[in-house]
Amino acid sequence: MKTGSLAAGFYIVPRHVLGRGFIAPSDKLNIAGIGAGGKGQSDMAEFAKSPKVNIVAMCDVDDRQAVKSRESFPKANYYKDFRE
């Protein structure tokens with residue numbers, strides 16, 4: 001029991017210890033976009049402005065639109081079909 005409490009103690013850290021302005025992973029929203037052209041691209045760009053948002057994936061069957069979204073969100077995974 002002592003080892004379990006000791007290990008848990010290292011994982012539970014008060015927010016102020018992590019530093020001012022730090023956003024905990026549990027406070028971030030991961031977003032995937034389906035349809036990267038026009039309105040979809042505009043919406044994703046607005047979401048990406050927030051430090052609490054991660055754009056994690058994009059999907060579009062139109063290769064021309066997919067190229068544009070890859071330039072805007074280089075860290076996101078890309079798919080041609082949302083069922084992948």
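The values are calculated or read from the model by the stated rules, or taken from the named source; none is laboratory data. Being a predicted model, the structure only gives us computed values, none of them experimental. Every residue, glycine as well, gets a Cβ built from its backbone with ideal geometry; the counts of neighbours run over all protein chains shown.
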Do we find a residue being under 28 Å from Gly21 (Cβ atoms) and either in contact with a strand residue (DSSP E or B) (Cβ under 7 Å, 6 or more places away or on another chain) or surrounded by 13 or more Cβ atoms within 10 Å (Cβ to Cβ) (or both) anywhere in the range 60-71? no
Counting just the residues of the range 26-44 that are at pLDDT 85 or above and assigned to a helix (DSSP H, G or I), which one comes out surrounded by the fewest Cβ atoms within 10 Å (Cβ to Cβ)? Ser42
Across the range 47-77, what is the number of residues that are over 24 Å from Lys28 (Cα atoms) and either in contact (Cβ under 8 Å) with a residue 60 or more places away in the chain or basic (Lys, Arg) (or both)? 2
Return yes when Phe47 is part of a loop (DSSP other than H, G, I, E, B) and among the aromatic types (Phe, Trp, Tyr) and no when it is not. no
I need the full set of residues from the range 25-84 which are polar (S, T, N, Q) and touching a helix residue (DSSP H, G or I) at 6+ places or on another chain (Cβ under 7 Å), in order please. Gln41, Ser69, Ser72
